[in-house]
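Structure first, then comments.
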Amino acid sequence: MARSARTAARLERVWPDEAAREREREACRAWLAEQRALPRLAALARLLLPGLTLRQFDCVRVPVERAIARLEITDVEILDADLPPEAPVSPPLPLTVVADSIRSAFNVGGLFRTAECFGVREVLLCGYTPSPEQPQAARAAARAPSGWWLGVMPAGFAVIDELRGGSAVRRWR
């Protein structure tokens, strides 16, 4: 995939020189045509015709760049690979996150990733905040552990008052 990005970048660089543009266009077309892992990209090779305009080239370049971006390694994969299996687990911080009426499931997933990063003890979801089991929230959470999610509470202010008073928070699921 990195080769296609370099080929497309070369093609854009040499665009003013017609002979060089045709050489790079043909190299890019040949690379796309031989794609077996991503047949959708192979189908784009037929669009790289001699004499194409820059706009026609962009119609091919954008899907290729998107496919490359989807195949890139994520930070989570790097961190998982770097972490030794016997690494000690630090105790959670005495921190409780109260999320009240967050509409976006993607933001809830981001909240769980952030809470994991800071070692939060528990996350309390209140109001109409989507649960982490919702598909969009689960995808955005990117494998963040959900063991410390304690359920959906009825109202954020009531939960905060209970936490401030030092009493145990009644949990609903």
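Values quoted throughout were computed directly from the atomic coordinates according to the rules given, and no laboratory measurement underlies them. Computed from a predicted model, the values in this text were never measured in an experiment. When we count neighbours, we look across all protein chains shown, and the Cβ atoms used for this are built from the backbone with ideal geometry, even at glycine.
Between Leu49 and Arg36, the simple spin-label model (points 7 angstrom out along Cα→Cβ) gives 3.0 nm.
Taking amide H as placed 1.01 Å from N in the peptide plane, Glu122 has its amide H under 5 Å from the amide H of Leu95, Val97, each at least 5 places away in sequence or on another chain.
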